[in-house]
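The values are calculated or read from the model by the stated rules, or taken from the named source; none is laboratory data. Computed from a predicted model, the values in this text were never measured in an experiment. Note: ideal-geometry Cβ built from the backbone for every residue, glycine included; neighbour counts use all protein chains shown. Protein only, heavy atoms only, side chains kept; ligands, DNA and RNA dropped before computing areas. Shrake-Rupley method; radii C 1.70, N 1.55, O 1.52, S 1.80 Å.
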Amino acid sequence: MRLGDGRELGFGSLLLATGADPIRLELPSTAGARIFYLRTIADCRAILAALNSAKTAVIVGTSFIGLEVAASLRARGIEVHVAGLDRVPLERVLGPEVGSFVQALHEQHGVTFHLGQSATRVDGTQVTLTNGRTLQADLVVLGVGVRPAIALAETAGLTVDRGITVNEYLETSAPGIFAAGDIARWPDPHSGERIRVEHWVVAQRQGQVAARNILGSRQPFAAAPFFWSQHYDVAINYVGHADKWDAIVIEGALSSHDCAVSYRKGERTLAVATIGRDLANLRAERLLEAQVAPVGA
Ligand SMILES: Cc1cc2nc3c(=O)[nH]c(=O)nc-3n(C[C@H](O)[C@H](O)[C@H](O)COP(=O)(O)OP(=O)(O)OC[C@H]3O[C@@H](n4cnc5c(N)ncnc54)[C@H](O)[C@@H]3O)c2cc1C
């Protein structure tokens with residue numbers, strides 16, 4: 001393996017964990033436009049520095065990054081507009097009920113949504129939306145998704161498919177080379193599909209499993225994916241993975257921030273999102289994992 005400074009390193013095993021990069025929008029802009037992405041601590045510091053003189057912000061993207069940035073900026077007293085192509089924020093991941101709940105939560109905290117809209121250009125502090133409307137923005141934050149950073153894997157000739165393809169041991173098409181985290185697409189025993197997810201806990205657990213396998217274990221990665229998302233004082237905990245579902249079953253009430261939302265396909269529960277019910281979330285994780293292999297087996 002060759003490093004950027006030209007040095008060459010030999011290896012017995014190699015782990016690729018290069019994560020993902022924000023998708024960049026080709027957004028025409030003039031001088032004075034302050035456009036940011038958020039992936040690294042440097043990105044975060046740049047946004048915070050821009051806030052010193054800012055009163056208004058436009059966020060493009062109604063998924064997790066966009067909405068969590070919205071909540072953070074509202075906490076700092078910034079006027080926030082969020083534009084996004086989706087009809088309901090987060091609908092594709094969490095369904096219309098939870099998505100509408102999250103939208104209402106943000107609206108209660110003063111966020112204005114422009115749904116079915118993207119930004120077409122930024123002129124100084126003016127953002128133009130697809131419908132022609134212009135919004136004032138001292139800063140613009142773009143949160144329109146990420147792409148797995150697979151250039152290294154492609155150069156190395158590894159099998160890639162919208163991520164690096166790995167087997168259940170997180171080993172790539174080249175024996176001895178492993179991949180974990182946002183770049184890895186693995187055979188998920190819960191959904192029966194090859195999936196790639198962008199969750200902190202998945203990256204952490206995959207790192208642990210890959211390390212054990214590098215050390216000689218043959219441990220399949222079978223953990224149910226888990227993430228949390230914080231909006232003001234509401235944390236949504238989600239376990240499992242549901243791209244599509246037949247039915248959404250809500251126990252409790254979203255409005256009282258006390259519920260468990262199950263995403264079901266036929267007889268199977270694919271995923272469970274909870275608000276204010278951490279124990280139920282842990283039990284759901286255990287049940288999901290038991291559907292694949294008996295606990296303790
Ligand atoms: C703002 C933000 C908020 C988030 N909030 C949540 C959340 O609430 N819950 C949740 O579950 N997940 C959240 N995530 C997602 C979570 O952070 C990622 O899923 C996780 O960091 C993935 O870990 P990773 O190790 O695969 O990649 P990363 O954390 O991206 O780490 C990859 C590392 O590899 C380095 N790298 C890349 N290419 C090269 C190269 N060629 N050579 C050397 N080094 C390289 C990068 O610089 C980086 O340090 C959030 C992400 C962001 C950006």
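Reported count of residues in segment 133-162, each being among the basic types (Lys, Arg) and under 25 Å from residue 196 (Cα atoms), is 2. The residues listed here are 90, 85, 139; of these, the one that is under 19 Å from the mean Cα position of the chain (by Cα) and within 16 Å of the ligand (Cβ to nearest atom) is 90. Within segment 142-158, the set of residues being part of a strand (DSSP E or B) and within 12 Å of the ligand (Cβ to nearest atom) comprises 146, 147, 148.
For segment 81-100, check the following and say yes or no: at least one residue is open to solvent by 40 Å² or more (accessible area, probe 1.4 Å), touching a His at 6+ places or on another chain (Cβ under 7 Å) and over 26 Å from residue 250 (Cα atoms). No, because not a single residue in segment 81-100 is open to solvent by 40 Å² or more (accessible area, probe 1.4 Å), touching a His at 6+ places or on another chain (Cβ under 7 Å) and over 26 Å from residue 250 (Cα atoms).
Is it true that residue 255 is more than 19 Å from the chain's Cα centre (by Cα), assigned to a loop (DSSP other than H, G, I, E, B) and away from the ligand (no atom under 16 Å from the Cβ)? It is true that residue 255 is more than 19 Å from the chain's Cα centre (by Cα), assigned to a loop (DSSP other than H, G, I, E, B) and away from the ligand (no atom under 16 Å from the Cβ).
Listed by position, the strands (runs of 3 or more DSSP E) contained in segment 159-250 that have at least 1 residues being outside the structural domain of residue 94 (by TED's automatic domain parsing), touching a Ser or Thr at 6+ places or on another chain (Cβ under 9 Å) and over 29 Å from residue 12 (Cα atoms) are 234-240. Can you find even one residue in segment 23-37 that is of a type in the set (Gly, Ala, Ser) and either closer than 30 Å to residue 215 by Cβ or within 12 Å of the ligand (Cβ to nearest atom) (or both)? Within segment 23-37, not a single residue is of a type in the set (Gly, Ala, Ser) and either closer than 30 Å to residue 215 by Cβ or within 12 Å of the ligand (Cβ to nearest atom) (or both).
For segment 185-203, what are the residues that are surrounded by 17 or more Cβ atoms within 10 Å (Cβ to Cβ) and over 13 Å from residue 224 (Cβ atoms)? Scanning segment 185-203 gives 185, 196, 198, 203. Under the condition of being farther than 17 Å from residue 185 by Cβ and more than 13 Å from the ligand (Cβ to nearest atom), which residue from segment 214-227 is surrounded by the most Cβ atoms within 10 Å (Cβ to Cβ)? Among those that are farther than 17 Å from residue 185 by Cβ and more than 13 Å from the ligand (Cβ to nearest atom), it is 214. Checking 66, 77 one by one, the residue that is modelled with pLDDT of 95 or more and loosely packed, with under 13 Cβ neighbours inside 10 Å is 77 and no other.
Residue-by-condition table, conditions (1) within 25 Å of residue 182 (Cα to Cα); (2) in contact (Cβ under 8 Å) with a residue 24 or more places away in the chain; (3) of a type in the set (Phe, Trp, Tyr):
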| position | (1), (2), (3) |
| --- | --- |
| 9 | yes, no, no |
| 14 | yes, yes, no |
| 56 | no, yes, no |
| 87 | no, yes, no |
| 93 | yes, yes, no |
| 107 | no, no, no |
| 113 | no, yes, yes |
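Pairing each residue of segment 68-80 that is touching a residue at least 12 places away in the same chain (Cβ under 8 Å) with any residue that is open to solvent by less than 10 Å² (accessible area, probe 1.4 Å) and not aliphatic (A, V, I, L, M), provided the two are 6+ apart or on different chains, yields C-beta distances under 8 Å for 68/229; 68/231; 70/106; 71/106; 71/231; 74/106.
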